[in-house]
Amino acid sequence: SLDLVSPDLFRYKRKNFLVRDKLRPKDLDDLQHVDIRPTDIFLITYPKSGTAWMQQILVKIMEAAQPDWVEDATNRVRVPWLEERTADNPFRERPDPRIFGSHLPPDMLPKGVKDKRVKVVYVWRNPKDVLVSLYHFAQSWVMLDSPKSFGDFFQQFLNGNAYMGSWFDHVREYYAAQDQLDILWVQYESMLKDLRGEVVKVCAFLGKNLTDEAIDHVVEMSTFKNMKADPKANYKDLIETNRYKKETMRKGVAGDWKNFFTVAQNEHFDKVFEEKMSDLPLTCVWEI
Ligand code: A3P
């Protein structure tokens, strides 16, 4: 029987997974043994931190670097979700380099990610905007229950009872695992401020030497406006198939939390943040 934290989520290894998904603790354990290749790339995030954005960037970098990687399919197919389905998922047969998305914490990743020094791109975002984005996503994704109110969800998030568990733990666990992984940290807000600069860093990390024109193209394809209009990147097919009720390309800004947090909620959040994160040298960007 599942350890339920709410009707839609069960807890396993201090993380919260989807009751309505097929994935069960045994399947999660099996993921540790997925056959990993040294050329694999992992895109890892806490939910709503810029996953789809980095998917697009990685796809466009790879298309420029390796024209035989070009393919007429959505990013969801091309950067498949590691933990989305159970063991026999054919996505494992994708052409090299395979790019996997995942929200798993470091200790639940396939062992090969560490053993083979696979490249990991970790995208993180200020948790106030993550909270607001996830609040909206919970109203959209049929896998999750709609929050009763913003105040309810605010508390659920701070208590680590939202999808995937605590934001604080996720970031802390990746911070602590840095030496065991070949990891590049990319801040969502840095991409907002200087998308080209961050694309250049990702290229260098992946060892992809693109021309200036090719980099310009990656950047152009990865703007909020272009992605929102790009059916391969905007996840609208999931609206058509009734899995999402709303667009995931929602606002794409830093500081939207100011439209949702009360002064008291903000003070409370800051206090919790200080308690949980002040010993790490990570600086959130709360608004731009
Ligand atoms: P908002 O809900 O705040 O708008 P994920 O892909 O991890 O689920 O994250 C979704 C968030 O990333 C959404 O945030 C979405 O709008 C934002 N996003 C996606 N593509 C983006 C882009 N090109 N530029 C800025 N934000 C983007």
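The values are calculated or read from the model by the stated rules, or taken from the named source; none is laboratory data. Bear in mind the structure is a predicted one, so any value in this text is a computation, not a measurement. Glycine also receives a Cβ, built like all others from the backbone with ideal geometry; neighbour counts cover every protein chain displayed.
A few points about this structure:
- Residue within segment 201-219 that is closer than 26 Å to A254 by Cα, crowded, with 16+ Cβ neighbours inside 10 Å and touching a Lys or Arg at 6+ places or on another chain (Cβ under 6 Å) present: yes
- Considering segment 131-171, the residues that are part of a loop (DSSP other than H, G, I, E, B) and under 16 Å from D270 (Cα atoms) include one that is farthest from the ligand (Cβ to nearest atom), namely N159.
- Residues satisfying the stated conditions in segment 182-217, i.e. away from the ligand (no atom under 15 Å from the Cβ) and either among the small types (G, A, S) or touching a Gly at 6+ places or on another chain (Cβ under 7 Å) (or both): A204, G207, A214
- Members of segment 225-260 that are among the aromatic types (F, W, Y) and either without any contact (Cβ under 8 Å) to a residue 40 or more places away in the chain or farther than 20 Å from R76 by Cβ (or both): W257, F260
- Under the condition of being surrounded by fewer than 18 Cβ atoms within 10 Å (Cβ to Cβ), of a type in the set (A, V, I, L, M) and either at pLDDT below 95 or within 11 Å of the ligand (Cβ to nearest atom) (or both), the residues counted in segment 36-76 number 2.
- Matching residues, segment 10-22, being over 18 Å from the mean Cα position of the chain (by Cα), part of a loop (DSSP other than H, G, I, E, B) and at negative phi: V19, R20, K22
- Qualifying residue in segment 198-211 (condition: on the phi < 0 side of the Ramachandran plot, touching an Asp or Glu at 6+ places or on another chain (Cβ under 6 Å) and assigned to a helix (DSSP H, G or I)): no
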